[in-house]
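K.L.:
I'd like to ask you about the structure that follows.
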Amino acid sequence: MEKFVIRGGNRLEGEIDVKGAKNAAFPILAATILVKEDCVIKNLPLIEDVFRMLEILESMKVKVEWIGKRTVRINTKNLNPATINKEAILRFRGSVLLYGPLLARFGKIYLPKPGGDIIGARPINTHLDAFSQLGIAVKPLRQGFELQFATKAKNKVIVLNEFSVTATENLLLFCAMQPERIVIKIADMDYQVQELIRALRKMGVWLRVSGLHEITIQGKKKLKGFSHTIIPDPIEAATFIVMAVGTQGKVLVKNVPLQFLDFFFKKLHDFGAILEITKRQGGIGDVQVLPSRNLKIDKIQSLIYPGIPSDLQSVLGVLATQSKGSTLLHDPLYEGRLKYLEELNKMGAEIYFTDPHRAIINGVTKLHGHDLGTFDLRGGAALIMAALMAEGKSTIDNIYQVDRGYERIEERLQKLGADIKRVTV
């Protein structure tokens with residue numbers, strides 16, 4: 001067991017680089033299952049969730065070779081789903097993306113229900129319903145599901161039950177090996193879906209993105225190996241930007257995927273944050289955060305892309321404690337996302353819950369150090385931010401949750417002047 005010990009009050013100052021996108025890595029790693037040739041994936045973040053995904057692939061006799069610090073070469077020619085590490089799947093939510101490619105390649109699979117964050121109900125009904133629309137027989141078993149595919153897709157138009165990133169990705173991964181032209185409606189179009197589309201096109205898949213969340217895909221029985229560089233992580237970039245704003249710091253966040261954060265920047269500007277954005281080629285740029293005072297945040301609401309992601313709601317909730325007046329916080333997606341607010345109240349925040357999805361945050365409040373617990377990945381990052389802003393010492397337990405998504409976050413924050421240490425219990 002490890003924990004973070006943080007002494008707050010220091011303004012963050014300096015430069016920080018954004019690493020590869022965690023949630024974009026999973027579907028692209030899963031896409032290697034569709035081909036028997038070598039695939040090279042670059043700019044992988046060195047985080048626990050990526051290591052778990054590679055561990056699951058290796059458990060199926062997949063050859064995974066590190067050929068650089070953040071680059072792997074993968075060959076799935078000898079893949080055997082019968083040997084899959086079921087325990088790893090039960091601990092890792094991203095494993096749900098194995099359904100689509102394994103089903104496409106083998107026609108019949110059994111997988112346990114995936115695990116993951118404690119952020120509320122996260123059923124995979126949308127995935128299963130979409131597969132059923134394609135003519136796939138779904139058989140619930142005691143701890144998982146058996147899926148079996150007929151020889152031809154039943155429907156050519158699939159309508160998802162909700163805007164789901166992973167269900168959209170799972171369908172794309174499955175349809176990549178179907179020669180029929182299939183239309184996916186109510187498709188999510190967040191950055192990780194767009195990254196997967198880029199990779200699938202390199203493999204030989206024909207895809208067209210239309211308006212109103214619609215993707216048309218026509219695959220091939222035999223796809224080719226590919227090389228792909230993962231984009232910088234929009235969520236990590238935005239997290240460091242908000243941390244800098246919250247500590248009234250002066251931080252240059254480098255390697256930011258600007259094209260996925262337009263609405264986020266708009267809202268931060270409206271809140272009173274001072275940012276200077278420098279654009280480079282390919283939609284990447286740098287963001288200079290300058291000391292921001294007199295914040296005013298009326299409302300924070302998580303929305304599907306291109307709105308504010310649910311993954312950023314927590315750090316924005318911490319920022320709202322430093323906003324003058326009341327802020328309405330609304331996360332309609334996950335009823336467990338607001339657990340971190342209970343920890344903020346221990347630190348002196350004034351927060352009232354109206355229901356599992358909404359809370360009112362009154363500011364400005366002075367935060368004080370406290371012993372805190374981490375319930376999920378993004379809530380853990382939010383508590384680190386709160387501890388950096390607080391007066392006195394805080395400890396944060398269960399930091400494995402943070403390690404799942406942020407690469408050695410304490411070492412990177414130390415370079416910005418933060419007083420944060422990793423301590424073995």
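The values are calculated or read from the model by the stated rules, or taken from the named source; none is laboratory data. Remember, it's a predicted structure, so these values are computed and weren't measured experimentally. Here the Cβ is made from the backbone with ideal geometry for all residues, glycine too, and neighbour counts use every protein chain on show.
K.L.:
Among residues belonging to the stretch 370-397 that are assigned to a loop (DSSP other than H, G, I, E, B), buried (at least 17 other Cβ atoms within 10 Å of the Cβ) and not hydroxyl-bearing (Ser, Thr, Tyr), point out the one that is nearest to the chain's Cα centre (by Cα).
P.N.:
Among them, the one singled out is 376.
K.L.:
Is there any pair linking a residue in the stretch 62-85 that is in contact (Cβ under 8 Å) with a residue 24 or more places away in the chain and in a strand (DSSP E or B) to one that is buried (at least 17 other Cβ atoms within 10 Å of the Cβ) and of a type outside the set (A, V, I, L, M, F, W, C), with Cβ under 6 Å and at least six apart or on different chains, and which?
P.N.:
Cβ pairs passing all conditions: 67/73; 74/32.
K.L.:
Pick from the stretch 107-136 the residues that are part of a strand (DSSP E or B) and buried (at least 18 other Cβ atoms within 10 Å of the Cβ): which of them is modelled with the lowest pLDDT?
P.N.:
Residue satisfying both the conditions and the ranking: 111.
K.L.:
Let me ask something else about it. Count, please, the residues in the stretch 288-301 that happen to be modelled with pLDDT of 95 or more and in contact with a helix residue (DSSP H, G or I) (Cβ under 6 Å, 6 or more places away or on another chain).
P.N.:
Residues meeting the conditions: 4.
K.L.:
While we're looking at this one, here's another question. Find all pairs meeting these conditions: Cβ atoms under 6 angstrom apart; at least six residues apart or on different chains; first residue within the stretch 398-416 and outside any helix (DSSP H, G or I); second residue β-branched (Val, Ile, Thr).
P.N.:
These pairs meet every condition: 398/374; 405/47; 407/47.
K.L.:
From the list 317, 348, pick out the single residue that is closer than 25 Å to residue 372 by Cβ, touching a residue at least 60 places away in the same chain (Cβ under 8 Å) and small (Gly, Ala, Ser).
P.N.:
317
Yes/no per residue for (1) over 28 Å from residue 264 (Cα atoms); (2) at pLDDT 95 or above; (3) within 20 Å of the chain's Cα centre (by Cα):
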position: 227; (1), (2), (3): yes, yes, no
position: 231; (1), (2), (3): no, yes, yes
position: 238; (1), (2), (3): no, yes, yes
position: 247; (1), (2), (3): no, yes, no
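K.L.:
Quick one: count up the residues across the stretch 344-377 that are out of contact with any Asp or Glu (no Cβ under 8 Å at 6 or more places or on another chain) and of a type in the set (Gly, Ala, Ser).
P.N.:
3
K.L.:
All but one of (1) in contact (Cβ under 8 Å) with a residue 12 or more places away in the chain; (2) closer than 29 Å to residue 312 by Cα; (3) aromatic (Phe, Trp, Tyr) hold for residue 149; state the number of the condition that does not hold.
P.N.:
(2)
K.L.:
Could you check the stretch 86-106 and list, in sequence order, the residues that are crowded, with 23+ Cβ neighbours inside 10 Å and in contact (Cβ under 8 Å) with a residue 60 or more places away in the chain?
P.N.:
94, 96, 97, 98, 99, 100, 101, 102, 103
K.L.:
I've got another one for you. Among the residues of the stretch 400-422, count how many are surrounded by fewer than 22 Cβ atoms within 10 Å (Cβ to Cβ) and within 19 Å of the chain's Cα centre (by Cα).
P.N.:
4
K.L.:
If I ask for residues that are among the charged types (D, E, K, R) and touching a strand residue (DSSP E or B) at 6+ places or on another chain (Cβ under 9 Å), which ones from the stretch 358-390 would you list? Working first, answer last.
P.N.:
As a first pass, look at the stretch 358-390 and keep what is among the charged types (D, E, K, R): 358, 366, 371, 376, 378.
Answer for the stretch 358-390, where residues must be among the charged types (D, E, K, R) and touching a strand residue (DSSP E or B) at 6+ places or on another chain (Cβ under 9 Å): 358, 366, 371.
K.L.:
A further question on this structure: When you scan the stretch 11-56, how many residues do you find that are in contact with a helix residue (DSSP H, G or I) (Cβ under 7 Å, 6 or more places away or on another chain) and not in a helix (DSSP H, G or I)?
P.N.:
11
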